[in-house]
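Here is the structure we will look at.
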Amino acid sequence: MTTQYFSDLVVEFLHQQDIDTVVFNPGASFRGVHDSLVHAGNADHAPDIVMTCHEEIAVAIAHGYHKAGGRHMGVLVHANVGLLHASMALFNAWCDRVPLFVLGGNGPVDAGKRRPWIDWIHTSQHLESVVQEFAKWCDQPIGQRATIESLYRAWRLMNTPAHAPVFVALDFDVQEQRLEEGLQLLPATAAEPARLPGLHGADFEELTRLLLEARLPVLLVDFSGRDPETVPELVALAEALGLAVVDRGNRLNFPATHALNLSNTGAELLAGADLVVALEVQDLAGALQSFLPVTDQGAPADGATIVTIGHNELLTSTWAADYMQLVPVSRAICADTRDSLASLREAVEDPSGPFVAAAFQARREERTKQIAALHADARADWARQAEEAKATERIQVAGAVDEIHRAVREEPWVLTNTGSLTIDGWVKKLWPLDRPGSYLGLNGGGGLGYGLGASIGAALAHRDGPELCIDLQADGDFLYTPSALWTLGAYDVPLLVVVMNNRLYLNSTQHAARIAGARDRDIDRAHIATSFYDHPVDFVAMARSYGVHALPRVERIEDVADAVRAGAAHVKEHGKPVLVEILTQ
Ligand SMILES: Cc1ncc(C[n+]2csc(CCOP(=O)(O)OP(=O)(O)O)c2C)c(N)n1
Ligand SMILES: [Mg+2]
């Protein structure tokens, strides 16, 4: 590595932190770093580059890459204009609690060094103000030494719970300066995150007592599966306690087919819960309301005890209200999830501990049986509904989701994205989401334009593995960022994109119908400006125009499985992307 300029040292930092890929849309404000990345003399240290046609796509790629493999991509964004484009995708990552390392070009902040016009419109005094309310930490260091410290601080904070994106603006002039005499990187360990302790002391004593005494305890989970190693821990704990598990499903937290899983069902039983332990749950009020009678103020109406474990309280914005409705709880504990689960499990499985008592074991067995029966009924019912959905002339989402699974069930599939609430809802009911890491959740912040980019990132993370990455892509979400197809094709990303094309912003149509209905107006007009009916998009032609292989559009349910099978075979054989468009109702 030839470290002559300051931007060379930035690239050395990325290498030191084991960043193998940076993703960006180019811009002169970081041309110094860009030059250091592509300079032949730096080739042994410089990360690979993935170019995108929009900053929103670049951020989504890093978002998906981290969710799939736990590794970071560096994201570079061009001055204020690039950051403005990136901002919505950063908001998604913030709400999804995904750590992203974002560097932005800016300046020169020293006005005496600016070129006319362009350096003036692309310099900001407080560049970070665009994203600071949904980034964990932002900085605009001036000078080489300050920038080095800032990079380490940003890295450390990003990976300290609660995780979130960080942003550091790199001054145009500082990047291009010759390296100051004697300036070096800090040791890699300077960027190591601070750790949260596991559950201990009075919190631990109290929770084990509550779990021992509860008549019907429920475990609520939401984000804990971002660490795949917690999944088997959670299974062991739930089984040892005979707990009903309600998974809010922002990650794969608990196997969908496990007999103790009562997500989306079992409300009649769960309404009688007397203890709820919420593990890394973001929307606690929404989660409780889904199965428990609650008061107007969000408290359980029948006095159930609520204990929360997680680190949501450590990350709040005064701009976004993603801290959700306040719920009065008995105990709110900030603790590391994996360590907490391990010590709880140890206590519960202790052969000389109180959980071996016959009275507890009898209760555990009784409720395990009850929960398992409800679980089995629900899954059988959902499977029946999917079969019924296949009997209609137009393809229904439930039927298509089931057929897609049938086509790939023998593969080590990973669902990189599940499209929309409608598609995701059926996936959760019909797919055996059991393998940790096989389901990556939705966008986090409800910002559309996420799916294709995030799936590219996830597929890059799995590029050298046996996994078959599948993006169940909603049409509306696709059309925000269609130029992600360029990156997909140009880098031969091995991804199967299944476009579920209902030619509709369905969610928006449903809202239009709801408001019209509530006002006693004509709901047949709900598709106006919420649909593509009068001017449909041809996704097959679009993919082909970007050099992405696409199969002929599927319009009959009996053709879905064959098309998906053919698409999967192509991805596996050629290591290249394929698009399958399914026309749905
Ligand atoms: C950036 C952005 N703009 C607008 C919306 C509002 N919105 C929410 S859902 C939706 C429609 C989604 O359509 P699609 O992705 O095709 O999924 P479908 O509902 O049809 O399954 C829209 C426009 C949003 N969430 N994000
Ligand atoms: Mg749609």
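Looking at the range 248-268, which of its residues are hydrophobic (A, V, I, L, M, F, W, C) and open to solvent by 30 Å² or more (accessible area, probe 1.4 Å)?
Ala259, Ala267
Taking Ala398 as meeting all but one of (1) outside the structural domain of Val245 (by TED's automatic domain parsing); (2) more than 16 Å from ligand 1 (Cβ to nearest atom); (3) free of Cβ contacts under 8 Å to residues at least 40 places away in the same chain, write down the number of the exception.
(2) is the only condition that Ala398 fails.
Of the residues that make up the range 538-550, is at least one assigned to a loop (DSSP other than H, G, I, E, B), within 25 Å of His405 (Cα to Cα), more than 16 Å from ligand 1 (Cβ to nearest atom) and touching a residue at least 12 places away in the same chain (Cβ under 8 Å)?
Within the range 538-550, one or more residues are assigned to a loop (DSSP other than H, G, I, E, B), within 25 Å of His405 (Cα to Cα), more than 16 Å from ligand 1 (Cβ to nearest atom) and touching a residue at least 12 places away in the same chain (Cβ under 8 Å).
Select from the range 516-531 the residues that are open to solvent by less than 80 Å² (accessible area, probe 1.4 Å) and more than 16 Å from ligand 2 (Cβ to nearest atom) and list them in ascending order.
Residues satisfying the conditions are Ala516, Gly517.
State yes or no: is Asp44 more than 24 Å from the chain's Cα centre (by Cα) and open to solvent by 10 Å² or more (accessible area, probe 1.4 Å)?
yes
Can you name the residue in the range 410-448 that is touching a strand residue (DSSP E or B) at 6+ places or on another chain (Cβ under 8 Å) and of a type in the set (Gly, Ala, Ser) and, of all such residues, is nearest to ligand 2 (Cβ to nearest atom)?
Ser420
Is it the case that the range 3-24 has a residue that's touching a residue at least 24 places away in the same chain (Cβ under 8 Å), outside any helix (DSSP H, G or I) and farther than 24 Å from Pro187 by Cβ?
yes
Does Ala490 fit the bill of being over 19 Å from Gly70 (Cβ atoms), within 14 Å of ligand 1 (Cβ to nearest atom) and open to solvent by 20 Å² or more (accessible area, probe 1.4 Å)?
In short, no.
Could you grab me the full set of residues in the range 129-147 that are of a type outside the set (Lys, Arg), at pLDDT 95 or above and within 19 Å of Asp110 (Cβ to Cβ)?
Asp139, Gln140, Pro141, Gly143, Gln144, Ala146, Thr147
Search the range 83-111 for residues that are assigned by TED's automatic domain parsing to the domain that holds Asn25 and open to solvent by 10 Å² or more (accessible area, probe 1.4 Å) and pair each with any residue that is modelled with pLDDT of 95 or more and within 16 Å of ligand 2 (Cβ to nearest atom) when their beta-carbon atoms are under 6 Å apart and the residues are at least 6 apart or on different chains.
Sorted first by the residue in the range 83-111, then by its partner, the pairs are Met88/Gly447; Phe91/Gly447.
With the condition kept exactly as written, say whether any residue in the range 445-461 is more than 13 Å from ligand 1 (Cβ to nearest atom) and surrounded by fewer than 23 Cβ atoms within 10 Å (Cβ to Cβ).
no
What are the residues in the range 281-306 that are touching a Lys or Arg at 6+ places or on another chain (Cβ under 9 Å) and either farther than 28 Å from Arg195 by Cα or surrounded by fewer than 20 Cβ atoms within 10 Å (Cβ to Cβ) (or both), if any?
Passing the criteria: Asp283, Gly286, Ser290, Thr305.
Condition test on Leu495, is it away from ligand 2 (no atom under 16 Å from the Cβ), closer than 21 Å to Val414 by Cα and either surrounded by fewer than 24 Cβ atoms within 10 Å (Cβ to Cβ) or charged (D, E, K, R) (or both)?
The answer is no for Leu495.
Select from the range 320-335 the residues that are out of contact with any His (no Cβ under 8 Å at 6 or more places or on another chain) and not in a loop (DSSP other than H, G, I, E, B) and list them in ascending order.
Once the filter is applied, which keeps residues that are out of contact with any His (no Cβ under 8 Å at 6 or more places or on another chain) and not in a loop (DSSP other than H, G, I, E, B), the range 320-335 yields Arg331, Ala332, Ile333.
Condition first: open to solvent by 10 Å² or more (accessible area, probe 1.4 Å), within 14 Å of ligand 2 (Cβ to nearest atom) and touching a strand residue (DSSP E or B) at 6+ places or on another chain (Cβ under 6 Å). Can you find one or more residues in the range 397-407 that meet it?
There is at least one residue in the range 397-407 that is open to solvent by 10 Å² or more (accessible area, probe 1.4 Å), within 14 Å of ligand 2 (Cβ to nearest atom) and touching a strand residue (DSSP E or B) at 6+ places or on another chain (Cβ under 6 Å).
Starting from residues that are within 11 Å of ligand 1 (Cβ to nearest atom) and aliphatic (A, V, I, L, M), keep the ones in the range 473-487 and report whichever is nearest to the chain's Cα centre (by Cα).
Ala474
Tell me, which strands (runs of 3 or more DSSP E) wholly within the range 96-185 include 2 or more residues that are farther than 30 Å from Gln282 by Cα?
101-106, 166-171
Being more than 8 Å from ligand 1 (Cβ to nearest atom) and under 22 Å from the mean Cα position of the chain (by Cα) is the filter here, so list the residues in the range 493-506 that pass it.
Residues satisfying the conditions are Val493, Pro494, Leu495, Leu496, Val497, Val498, Val499.
The values are calculated or read from the model by the stated rules, or taken from the named source; none is laboratory data. Worth saying up front: this structure is predicted, and the values here are computed from it rather than measured. Neighbour counts are summed over all protein chains in view; Cβ atoms, including those assigned to glycine, are modelled from backbone coordinates with ideal geometry. Protein only, heavy atoms only, side chains kept; ligands, DNA and RNA dropped before computing areas. Shrake-Rupley method; radii C 1.70, N 1.55, O 1.52, S 1.80 Å.
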